[in-house]
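The next block holds one structure in the form of structure tokens; read it before the comments.
The values are calculated or read from the model by the stated rules, or taken from the named source; none is laboratory data. All values reported here derive from a predicted model rather than from experimental measurement. Here the Cβ is made from the backbone with ideal geometry for all residues, glycine too, and neighbour counts use every protein chain on show.
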Amino acid sequence: MRLTILGGGGFRVPLVYRALLGDRGQGRVTHVTLHDLDPSRIAAIGRVLAEQAREVPGAPEVRITTDLDEAVTGADFVFSAIRVGGLEGRAMDERVALEEGVLGQETVGAGGIAYGLRTLPVAVHIARRVAALAPDAWVINFTNPAGTVTEAMSRHLGDRVIGICDSPVGLGRRVAHALGVDPSAVRLDYAGLNHLGWLRAVRVGGRDLLPGLLADDAAVTSFEEGKLFGGEWLRTIGAIPNEYLHYYYFHREAVEAARAARSTRGALLIEQQRRFYGGTGGSALELWESTRLERETTYMAENREAAGAGERASSDLASGGYDRVALALMRAIALDERTTLILNVRNRGSIAALDEDAVVEVPCFVDANGARPMVVDPLPGHAQGLVTSVKAAERAVIEAAATGSRRAALRAFAVHPLVDSVALAGRLLERYERELPQLGYLGGGN
Ligand code: G6P
Ligand code: MN
């Protein structure tokens, strides 16, 4: 099986490769093609992979290219994890929003809209090239904002593009741990959009263990989401939200904490990554691992500080999130190994409040035919409201990128629930246009 990784010089690529090395089964990935526009980043990651593969018999062969058409031709799976505009773009998305007094975050609110506008033309170009050159390939999209990007790509690839995220998996693992049950034995009733979902039931052998967990304050506040939101709020809504909902439910506190911080997440990561990609001598793998650990340790640090949640649990630093979802997804499709995974796919009636083609994040049945969303219980009323308005903002981003409409871009900012004024939306748009002329909607296509 041949896997192509777009964004092959990306920092998380060794996680995927590590998962591949651990797969000894039949029909496993034998060839990996790394595609990236930056040869120096790809070379740094290539050194890590070479060390990982040392003494692993039958390790997947790694090939490197900067040519997109060459990369996708012949691929069975195309894994897309690109960052258009790099970390500099991310830092700018975050900083501009914060300077205007609203949330500055990579995927949520104004920052996520700017990121989407910049990313979609590139993602759509990739979708078109895959459709033309590798029409039977499956695209696994990890490129953020993952829900918006997957939906834009699905207009060209249909159900052959599937979006993934590690946050629902992490939530499921933490909940299973708090309940003292095996994570593989629980059925998660989770639904929403990417970075905007709720866990409403945790079934083990047909019994829902969530009400009992919510009632046990010590147990429910023993892990990340409980610490962020507090047991009382979880009992009030009768569900456990994705950690990204901290930006909504504690919007004010999250904005204040981000504004008080020394630098944005993106700016911090620029510094951190410079040390890795610029590193010379010694073991590339060791340097990568220590950088990764540092990155995980500081993840959502401001939110945790605002909530008084303390340090991240050491079990959350181990990672093994999205790389495992990616591998499980590839195996299920390639080998017809039936499984259930929480994925980003077209809705097809799964969430009643949204239309058929809206990409949602829900449990899916996966086999050789791809991923089919399961019908889930209706979301609580306020959650339906949020999902519907965030989807409207996402769609405006897709429209703006596809047509070049400035009005659609303005609408994207203005209707987002975390942008509280149309005047502000106009200012945000102007500032993003000034700071980064290559915002997608100006060009259309790439
Ligand atoms: C989680 C999310 C990803 C996101 C990442 C950001 O893993 O699911 O979608 O890209 O966090 O982490 P970072 O270290 O880049 O802030
Ligand atoms: Mn994610």
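For the reader, a short list of remarks on this structure follows.
- Listed by first and then second residue, the pairs with beta-carbon distance under 6 Å, at least 6 apart or on different chains, first residue in the stretch 289-310 and away from ligand 2 (no atom under 16 Å from the Cβ), second in a loop (DSSP other than H, G, I, E, B) and among the small types (G, A, S), are E302/A261.
- Checked against (1) modelled with pLDDT of 95 or more; (2) more than 17 Å from the chain's Cα centre (by Cα), S80 passes all but a single condition, namely (2).
- Selected residue (only one of R312, R304 is surrounded by 15 or more Cβ atoms within 10 Å (Cβ to Cβ), more than 19 Å from S154 (Cβ to Cβ), modelled with pLDDT of 95 or more and within 15 Å of ligand 1 (Cβ to nearest atom)): R304
- Residue in the stretch 161-179 that is farthest from M330 (Cα to Cα), counting only those that are within 13 Å of ligand 1 (Cβ to nearest atom) and among the hydrophobic types (A, V, I, L, M, F, W, C): L171
- Among residues of the stretch 113-137, those that are within 16 Å of ligand 2 (Cβ to nearest atom) and free of Cβ contacts under 8 Å to residues at least 40 places away in the same chain, counted: 1
- Qualifying residue in the stretch 158-165 (condition: surrounded by fewer than 24 Cβ atoms within 10 Å (Cβ to Cβ) and either within 26 Å of Y247 (Cβ to Cβ) or of a type outside the set (G, A, S) (or both)): yes
- Listed by position, the helices (runs of 4 or more DSSP H) inside the stretch 237-300 whose residues that are surrounded by 14 or more Cβ atoms within 10 Å (Cβ to Cβ) and among the aliphatic types (A, V, I, L, M) number at least 3 are 251-260, 265-277, 284-297.
- Of all residues in the stretch 138-179 being out of contact with any Leu (no Cβ under 9 Å at 6 or more places or on another chain) and not in a helix (DSSP H, G or I), the one that is farthest from ligand 2 (Cβ to nearest atom): V161
- Selection count where residues are away from ligand 2 (no atom under 11 Å from the Cβ) and surrounded by 21 or more Cβ atoms within 10 Å (Cβ to Cβ), scope the stretch 194-209: 4
- M330 passes every criterion in (1) away from ligand 1 (no atom under 15 Å from the Cβ); (2) within 16 Å of V16 (Cβ to Cβ); (3) in contact with a Lys or Arg (Cβ under 8 Å, 6 or more places away or on another chain) apart from (3).
- Restricting attention to the stretch 173-197, the residues that are touching a strand residue (DSSP E or B) at 6+ places or on another chain (Cβ under 6 Å) and among the charged types (D, E, K, R) total 2.
- Cβ separations smaller than 6 Å between residues 6+ apart or across chains give the following pairs from the stretch 140-151 residues that are away from ligand 1 (no atom under 11 Å from the Cβ) to residues that are acidic (D, E) and part of a helix (DSSP H, G or I): T148/E394.
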